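Quick notes on the structure that follows.
The values are calculated or read from the model by the stated rules, or taken from the named source; none is laboratory data. These numbers were taken from a predicted model, which means no experiment stands behind them. Cβ coordinates were reconstructed from backbone atoms using ideal geometry, including for glycine residues, and neighbour counts include every protein chain displayed.
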Amino acid sequence: MAKSKTLFKVYWQMRMNSAEQRLAAALELITHKPTRGTLAEDVLREIIDAFLPGQWASHSGFVVDANQTPSDQLDILVYDQLASMPLYRDVNVIVLPTGTRPVAVEVKSVLKKKDLFDALENVASVKSMETTPQDVVAMVYAFRGFKKPLTLSTHLKAHISGLKMKHRFDPEHMPDMICVQEQNMVVVRDRTPAFKLTAYTSKVPVVQSLLTQVLNGLRVANLYSLLPKPEYETAALFEIT
Amino acid sequence: MVIPVKDVTLRELIEASRSASLRRILLTDYSAVEPKKINGAIVLVGMVTVVATAFDRKNKVIYRWSEQGESERMVTITAGTGRGRSTGGRLAARKQEIFQVLREEGFEVDEGEWTPESAAAFVASRREIVR
């Protein structure tokens, strides 16, 4: 029994490795500006899809509340297609009602200040529609950007203080995770005991952190033991409280 | 008026619900990841929080029980309930186990969580419907 468990873990790890190689290859191609946004989204969606049990589906799309107010468009929305009925679905776009507990990912080929702010707004717009914002697990995944961690820290602080000045800051509306692939940087949000964003350098490719977050976010008990446990450098790159 | 939330144990939730003649309990689970220090290394661990709440409309209080743990540990291998012997079993998430316990205790269990906001909204809409 123990042997078969180990065997499956090896298989799972090999699938993780192939996802990393796929993303590394995409990173090489992604310098071509006009197509890189779409390519980044497609590649990441395919990688997430490959790990999803058939119950779940992913599309780009919106969440709409009871007043028919739509959220901003999210690059990837993963939802339970057996339990939730989309209000609209075509090849490119899906519209989900609130309460479907999706996992959302904003994808950026290159993360700059404006892209970061846009992504943070999009995440906040979908989280703010739910009665309990934890119902939506939301992440930002960037292929490139912010060579210096301090730059990301400065922009995050600027965004937060801007929201605080407008009395619009709600820590529950911040992304659960921000990944920057090229820098191997992962920013994780702590909810308890108090709001905190902590940035780490990942010792393994950051897509493992993303997949851990997505698969854990879907709450599939059978997958729990297979989730990778990405390791980070012990010294945090920065903290924002 | 803000409806207070009282944190209780699962036993207290069952007893408080029973003594207030509450029949319905809302049950949900939330997921998160947390960097944890394990053997001197920082490791990203999947976590699950299971929450059960009951709203006592008469006394205007929400009873809330929650349990948080590593996802990997929040599952149990349960024996089948069908006839005959089985050497196997299936993985049951902690939420499913709590669901079974509450149902066995005679409660109706629905997906969700009572919060001060949702309870207040429910009281207001009920007032409109049941005059």
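Residues of the stretch A:229-241 include none that is outside any strand (DSSP E or B), touching a residue at least 24 places away in the same chain (Cβ under 8 Å), at the interface with chain B (Cβ under 10 Å from one of its Cβ atoms) and touching an Asp or Glu at 6+ places or on another chain (Cβ under 9 Å). Residues that are crowded, with 19+ Cβ neighbours inside 10 Å, closer than 17 Å to A:Val137 by Cβ and of a type in the set (Asp, Glu) within the stretch A:38-77 comprise just one, A:Asp75.
Considering only residues in the stretch B:72-91 that are assigned to a strand (DSSP E or B) and surrounded by fewer than 17 Cβ atoms within 10 Å (Cβ to Cβ), the one that is modelled with the highest pLDDT turns out to be B:Thr76. For the stretch A:197-228, the tally of residues that are β-branched (Val, Ile, Thr), more than 8 Å from every other protein chain (Cβ to nearest Cβ) and part of a helix (DSSP H, G or I) stands at 2.
Of all the listed residues (A:Asp170, A:Asp176), the sole one being within 14 Å of chain B (Cβ to nearest Cβ), crowded, with 19+ Cβ neighbours inside 10 Å and either of a type in the set (Gly, Ala, Ser) or without any contact (Cβ under 8 Å) to a residue 60 or more places away in the chain (or both) is A:Asp176.
The number of residues in the stretch B:28-52 that are at the interface with another protein chain (Cβ under 7 Å from one of its Cβ atoms) and closer than 12 Å to A:Tyr232 by Cα comes to 6.
Within the set A:Val140, A:Val207, the sole residue that is closer than 25 Å to A:Ala57 by Cα, of a type in the set (A, V, I, L, M, F, W, C) and modelled with pLDDT of 95 or more turns out to be A:Val140.
Scanning the stretch B:1-27 for residues that are part of a strand (DSSP E or B) and either more than 14 Å from chain A (Cβ to nearest Cβ) or at pLDDT below 95 (or both) yields B:Lys6, B:Arg24, B:Ile25. Of the residues contained in the stretch A:78-95, none is found to be farther than 19 Å from A:Leu52 by Cα, buried (at least 17 other Cβ atoms within 10 Å of the Cβ), touching an Asp or Glu at 6+ places or on another chain (Cβ under 7 Å) and modelled with pLDDT of 90 or more. All of (1) assigned to a helix (DSSP H, G or I); (2) under 27 Å from A:Leu27 (Cα atoms); (3) more than 11 Å from the chain's Cα centre (by Cα); (4) in contact (Cβ under 8 Å) with a residue 24 or more places away in the chain hold for A:Arg144 with one exception: (1).
Listed here are the strands (runs of 3 or more DSSP E) enclosed by the stretch A:12-103 that have at least 1 residues being more than 16 Å from the chain's Cα centre (by Cα) and of a type outside the set (D, E, K, R): A:56-64, A:93-97.
Within the stretch B:28-46, the set of residues being without any contact (Cβ under 8 Å) to a residue 40 or more places away in the chain, among the small types (Gly, Ala, Ser) and either within 13 Å of A:Gln213 (Cα to Cα) or not in a loop (DSSP other than H, G, I, E, B) (or both) comprises B:Ala32, B:Ala41, B:Gly46. Scanning the stretch B:16-43 for residues that are among the hydrophobic types (A, V, I, L, M, F, W, C) and within 15 Å of B:Gly69 (Cβ to Cβ) turns up B:Ala32, B:Val33, B:Ile38. Of the residues making up the stretch A:182-241, just one is farther than 21 Å from B:Ser71 by Cβ, buried (at least 19 other Cβ atoms within 10 Å of the Cβ) and over 18 Å from the mean Cα position of the chain (by Cα), namely A:Leu237.
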